Amino acid sequence: MRAVKADGGGAPGAGRVRAWVSVVLAVLSVSLTVAGTAIQLSLPEEWSPWPPLAPDHGAGLTFPLIGAFLIAHRPRLKLAWLMCAGGLGCAVNVMVTGLQFAQASAGDLESAGWLRILAVVGWIVGACALGILTPLLSPDDRLPSRRWLPVAITGVAATVVEGVRTIVRPTPPASTYRWPEVIPNPLAIEALAPYQGVLTRSLTLLINACVVLALVSLLVRLRHASPAARRQIAWPLSAFVVYTVFVLLGEAYWLPATIWTGLLPVTIAFAVLQYRLYGIDTVISRTVIATGLIAAVGGAYFGTGALAALLVSGYDQVAGLAAALVTGVFFQPLRTRLRRLTDVMLYGRHGQPEELARRLAREVGETEPVNALAAVTAVVHDGLGVTGVVVEVGTEAGTEAGAAGMRVELGTTGPDPRAVPLVWHGEPVGRMLIGPPGPRRFSAAYTERLISTATVHVADVAHAVLMTADLQRSRENILNAREEERRRLRRDLHDGLGQALTNMSMSLTMAQLRLREVPSTADRMLRDLRGSMDSVSQEVRELVYGLRPPSLDDLGLLGAVRALAAEPGPPVQVEVEGETRDLPAAVEVAAYRIAQEALTNVRKHADATRIVVTLACSEHALVVRVRDDGKGLTGHQRSGVGFASMRERAAELGGTCRITRAPLTGPGTQVEATFPLPKPSDVGEAGVKPRW
């Protein structure tokens, strides 16, 4: 069973016949246009047509060629056959017009009159096919809706009536005739002479209105189309807009009209084949913005200048300054509004930066952080229209997601994706890998606006994921530390204190039994029991000290730190700023342990001769600062267990701990820990401070 090409419809031979017919039409049209142009250029100056070139020249050269190219790909495309037929009509008009004036210049005015009628027929075919029907059927070979059928019928009918009017026009007066002699019209109806001007103006107005409505049909398609279809329609729309402007401006713009007419079929081919449609986004956007800015800014400048000149006559500098100020005020807002207008026109609201931001904000607000990362990745993938998006959290550029990181992948990013760093308030939190554009792609400038909009929200979610992971790790660490502490206490109580108490109980029983029989032995056993009790007391003190330094309860934070300063070693000066009493218990312990660890490090490693410990307590924070004049930190020195434990103690309470060079003359080290303090309003109704 033979496969039939879906677009060809029927036997392969029929498709080949159509292709050959289109090629013959294209070759014939180009040949007629070239030959007709050559004939017109060779005419005497007094018989040369005016204007020397017209849109028919451009249409006869390019429309049939592009039409044949489209027929080779899509043989049943009505739009392509219209392009071939219209281009052939324009080519016939060019060729016959050249022959007409050649016969007239040779004195054969009668033949020139009949050739003129044939040229008008060619114009009718070209104008109906290319000026009315082609924009109505571009780019999908269908009218936008049945409501546009009257426009097509009216436009074709008006063009045919105008052609018939031209064919039967009465003989024009010799005084107003452009050429040396009046070319007679063999089909002239002289009775129409009084109405000739009115008919010409009315039909021209009606034809131009239909041309504008055909252009409006493309705008209607653009408004209701998908983003991909909008970029498809944007090519012929932009070309027909310029073409229509030239047509409405008249014969004075014959050269740009001719050149632009030659470009029209190229844009139609791009739209029909959907080939490299995407550069039109930037072209249209920048054109609309530039045109709007020039018109609005120019109007504002000259209008304000004229108004200021009227109100403050004789002060030209004031008028110019006022115009410049008003123009500057409206420049940026107008540019932003025009850019948003073109974005909505080309892409709709689906991929609009504001809509993308709303979708991302909704996902962030309705989903927990871990699932929100996958949700925002899906929104970014859909909003950017790319082949794939990967979000890596907790990684730096160029690294893979580690054990502490998270990776969400949607689609395929390809071998060379674009890496966008995710930064949250200056802190790198990951990166986003973006694949190449997909079928629904945007212009480069528009894509950059979408990426900049999405990056902020993705960075927020990435930071939330990291914070959630840190919170989970903190909970696990707290749970592990609590269970380890419970196990240590159980071991100490069971194996140490519990065993000792059991032995003491047995010793008391033995002493009671020996007290009556051998008093001397009982006395010795009681003395041993007293020594065991002292050991038990020491063990109890050690357990209590492990839970909380007793000096904090006995002396307070300031007294406990002074007790640490009194230990052997270099002299330590303790300074205090503010009141250090009534601090939360957790803050007291953390501050004491950090000061203890810092003093131990200085005494062991710093070779210092002087140490200063400062306790600065304000309404909002407690600062513990330990400075020394020792040898200081080396450039290659790594943080050890002591430094890490100090930072962890501060971080557990929401504070910070910085180990830096001492801000004093000469070497030295400074440890500065800051602990936030709760506000008085944060204390509970029962007077209990919040848990830390």
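The values are calculated or read from the model by the stated rules, or taken from the named source; none is laboratory data. Fair warning: this is a prediction, and the values are worked out from it, not measured in the lab. No Cβ is skipped: glycine too gets one built from the backbone with ideal geometry, and neighbour counts run over all protein chains shown. The protein model used for the area step is the full one, side chains on, heavy atoms only, and it has no ligands, DNA or RNA in it. Shrake-Rupley method; radii C 1.70, N 1.55, O 1.52, S 1.80 Å.
Observations on the model:
- Computed from the Cβ-Cβ distance with R0 of 22 Å, the FRET efficiency linking GLU46 to TYR253 stands at 0.35.
- About its Cα centre, the dipole of segment 100-212 is roughly 400 debye, where the only charges are +1 on Lys and Arg Cβ and -1 on Asp and Glu Cβ.
- Other residues within the sphere of radius under 9 Å centred on the Cβ of MET646, judged by their own Cβ, net out at +1 (K and R +1, D and E -1).
- Label point 7 Å beyond Cα of VAL164 along Cβ direction - residues of segment 186-208 with amide nitrogen under 17 Å: 187-193, 195-196, 199-204, 206-207
- Average accessible area per residue (Å²) across segment 71-166 - probe 1.4 Å, nucleic acids and ligands excluded: 39
- Residues of segment 596-629 with amide N under 14 Å of a point placed 7 Å along Cα→Cβ from GLN573: 609-615, 626-629
- In this structure, VAL540 and ASP582 have a Cβ-Cβ separation that, at R0 = 30 Å, corresponds to a calculated FRET efficiency of about 0.60.
- Spin-label model, GLU190 to THR468: label points 7 Å out along the Cα-to-beta-carbon direction sit 9.4 nm apart.
- Under the criterion of Cα pairs below 8 Å and six or more residues apart, the relative contact order for segment 33-180 equals 24 percent.
- Other residues lying with their Cβ under 12 Å from the Cβ of ARG610 contribute a combined charge of -2, Lys and Arg counting +1, Asp and Glu -1.
- FRET efficiency, 1/(1 + (r/R0)^6) with R0 56 Å, evaluated for SER202 and ALA38 via beta carbons: 0.95
- Within-15-Å neighbourhood charge of PRO172 [Cβ basis; K, R +1; D, E -1]: +2
- Residues in segment 64-80 carry Karplus couplings, in order, of x, 5, 5, x, 5, 4, 5, 5, 4, 8, 9, x, 8, 6, 4, 4, 5 Hz; the curve used is 6.51 cos²θ - 1.76 cosθ + 1.60 with θ = phi - 60°, and Gly or Pro positions show x.
- Solvent-accessible heavy-atom area per residue, rounded to whole Å², over segment 555-676 at 1.4 Å: 51
- At full extension, LYS78 and LYS631 could sit 190.1 nm farther apart than now, given 0.36 nm per residue minus the alpha carbon distance.
- Area of HIS381 that stays accessible when all protein chains are in place (1.4 Å probe, Å², to 10): 50
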